[in-house]
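Notes follow the structure.
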Amino acid sequence: MTKKIFSLVATLLATSFAQAFELPEIIGDDMVLQQQTEAKLWGWAAKGHYVEVTTSWNGKVYTVETPKTGRWDVKVETPAASYEKHTITLREYAGKPKKNSEVIEEKTLNGVLVGEVWFCSGQSNMEMPIGGFWNCPTEGANEAIFSSSRYTDAVRVVTVPKVGTETVQDRVGGKWEKAEPANTARFTACGYFFATTLVDALNVPVGIISCAWGGSCVEGWLPKDTLLTYHDGLTPTSDADYHRKMVMFNGMLAPLAGYTIKGFLWNQGESNVGRAEEYIQRFTTMTKLWRKMWNQPGDNLPIYTVELPPYRYGDAQGTWGAELRAAQHTIANTLDHCGCVCTSDLIYEHEIDQIHGAKKKEIGQRLAYLALTRDYGVQGLSAEAPEYEYMEVVDANDGDKVVIAGTAVENNHGKADKVVRMYFTNSNDGFDRMSGIEGFEAQGPDGTWHKAVVWSSSAWQNVKRQGCFLTLICPEVSEIKNIRYCYRNFMIGRLHNLRGLPVVPFTTEK
């Protein structure tokens, strides 16, 4: 009798200390799975126990044995996207499931959608919710909130809590929420407007994982072993929690790595202003590392970034913010499957001291345009902003026919002997104005910058390159060494191509 009681107690103790059958919060009701792929699911169970996963869309059963670590994972085949609500049933068995095996525990996930999933990360301009921050609104918030019920069956968002730790974690909170007025004010504004634009264009459900922390530097999203290879190691840039290094990677990113997605959206850089060259290296390293962690075919998940917003950054006329923007576009033009949306025009004059610009809808839309053209093959849509290609200095009266509004004219403001022609990508059909173009500066031999006069021109014969270009003169400069546009910490971009995409700020100075 005593032996039986001892055996029963031992069994109960062993059971109480066994790994419970659990799932991460992100794998739950109302989740969105990436369509037409092998979507990764995972959880925890007792070592040696089996987990059986059944998907309602095809009735297929997947069985996996829990290893000694206690964490199991399985990949399930997903169908084409639709608004049909699916279920996933998970059962735990003590041994390999047979016909009459006893189920230890069963979980059912309801309201599962299959569509497109994007991972949104960065600092406060990605974190910023539709409801805004204190004294810091998101433009059009009420309209977005009340109209979100139109997307209840299409848009789902996970907001990951801000957890910073010195050691890598295996789980973090964050549940899927439907787009409806009661929830939408809390959603990442950039991510939400990106999602609704995709829904409108593709007519498929979209899931957004918001994993952002205001004030975080790029080093906060890198692991310890990578940071230790840098000259500044783990030293934070300030005493603030959000400037600690690696803690976002450990507490927020690592627990979610592997959740099957279509790509990344990144809105960050403010906390790295003043360190542009480092940023290129570290952001590139971060992207390559994240792609490996997600371990999806090709290790080339797209990453689309948001240009640093115009802001005072200590001195509105300084250029350290402009240098970080240039670094972002350098990354976008050199890193595979990367793009950067220009936002120099999405700011108001009164926001010079407000790092959180109100125009989040346009940012989300521009990110979506990149994804739609590059990843979804949408035709006829313009997504790439005009970027400076090269310039040439020509005689002001060289006989070329300069055409404005269909009429050949001589438009030599200031009667200069030489003019500079500037050529841009993504502007073959010209710009949104022919005069009143501001933001250009010319540098003379002494290194001083002066305001330049610029107008839009076009020519189709006897020219190096046919089509539209910008013509620049600067009466204060005898010989122009360099030119730049919107290359200040705070300067609003007011020049666009015909599709309303702003010219990317630039300088020709090395």
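The values are calculated or read from the model by the stated rules, or taken from the named source; none is laboratory data. Source: prediction; values computed, not measured. FYI the Cβ positions are ideal-geometry reconstructions off the backbone, even for glycines, and counts take in every protein chain you see. Areas reflect the complete protein model, heavy atoms only, side chains present, ligands, DNA and RNA absent. Shrake-Rupley method; radii C 1.70, N 1.55, O 1.52, S 1.80 Å.
Quick one: which of GLY111, GLY140, GLY122 is touching a residue at least 60 places away in the same chain (Cβ under 8 Å), buried (at least 19 other Cβ atoms within 10 Å of the Cβ) and on the phi > 0 side of the Ramachandran plot?
Testing whether each residue is touching a residue at least 60 places away in the same chain (Cβ under 8 Å), buried (at least 19 other Cβ atoms within 10 Å of the Cβ) and on the phi > 0 side of the Ramachandran plot leaves just GLY122.
Can you tell me which of ILE26, ILE88, ILE104 is touching a helix residue (DSSP H, G or I) at 6+ places or on another chain (Cβ under 8 Å), surrounded by 14 or more Cβ atoms within 10 Å (Cβ to Cβ) and modelled with pLDDT of 95 or more?
Matching residue, one of ILE26, ILE88, ILE104: ILE26.
Hey, does segment 148-159 have a residue that's in contact (Cβ under 8 Å) with a residue 60 or more places away in the chain and open to solvent by 20 Å² or more (accessible area, probe 1.4 Å)?
yes
What strands (runs of 3 or more DSSP E) lie completely within segment 27-137 and have 1 or more residues being closer than 30 Å to LYS162 by Cβ?
The qualifying strands (runs of 3 or more DSSP E) are 32-34, 38-44, 71-77, 82-93, 103-122.
With in contact (Cβ under 8 Å) with a residue 12 or more places away in the chain and within 19 Å of the chain's Cα centre (by Cα) as the only criterion, which of ALA240, ALA254 stands out?
ALA254
Looking at segment 183-198 only, could you name the residues that are under 16 Å from ILE363 (Cα atoms) and either touching a residue at least 60 places away in the same chain (Cβ under 8 Å) or in a helix (DSSP H, G or I) (or both)?
THR188, ALA189, CYS190, GLY191, TYR192, PHE193, PHE194, ALA195, THR196, THR197, LEU198
What number of residues in segment 78-102 are within 23 Å of GLU25 (Cβ to Cβ) and without any contact (Cβ under 8 Å) to a residue 24 or more places away in the chain?
0
State yes or no: is GLY500 open to solvent by less than 10 Å² (accessible area, probe 1.4 Å), assigned to a loop (DSSP other than H, G, I, E, B), touching an Asp or Glu at 6+ places or on another chain (Cβ under 8 Å) and of a type in the set (Gly, Ala, Ser)?
In short, no.
If I filter segment 352-365 down to residues being part of a helix (DSSP H, G or I) and open to solvent by 20 Å² or more (accessible area, probe 1.4 Å), which single residue comes out as farthest from ILE208 (Cα to Cα)?
GLU362
Name the residues in segment 190-246 that are acidic (Asp, Glu), farther than 30 Å from MET31 by Cα and open to solvent by less than 40 Å² (accessible area, probe 1.4 Å), would you?
ASP232
Checking the structure you have, find out if any residue of segment 284-293 is basic (Lys, Arg), open to solvent by less than 50 Å² (accessible area, probe 1.4 Å), out of contact with any Pro (no Cβ under 7 Å at 6 or more places or on another chain) and free of Cβ contacts under 8 Å to residues at least 60 places away in the same chain.
Yes.
Filter segment 366-380 down to residues that are touching a residue at least 60 places away in the same chain (Cβ under 8 Å) and not in a helix (DSSP H, G or I) and give me whichever is nearest to ALA322 (Cα to Cα).
ASP375
Since ARG171 meets every condition but one in (1) over 22 Å from TRP294 (Cα atoms); (2) open to solvent by 20 Å² or more (accessible area, probe 1.4 Å); (3) part of a loop (DSSP other than H, G, I, E, B), which condition does it not meet?
Looking at each condition in turn, ARG171 falls short on (1).
Identify all residues within segment 53-83 that are within 28 Å of the chain's Cα centre (by Cα) and open to solvent by 50 Å² or more (accessible area, probe 1.4 Å); write none if there are none.
ASP73, LYS75, GLU77, ALA80, TYR83
Write out, first by first residue and then by second, each pair whose Cβ atoms fall under 7 Å of each other, whose residues are 6+ apart or on separate chains, and whose first residue, in segment 382-393, is in contact (Cβ under 8 Å) with a residue 40 or more places away in the chain and surrounded by 14 or more Cβ atoms within 10 Å (Cβ to Cβ) while the second is assigned to a loop (DSSP other than H, G, I, E, B) and of a type in the set (Gly, Ala, Ser).
PRO386/SER427
Among the candidates CYS486, CYS468, single out the residue that is at pLDDT 90 or above, within 22 Å of SER382 (Cβ to Cβ) and surrounded by 18 or more Cβ atoms within 10 Å (Cβ to Cβ).
The match here is CYS486.
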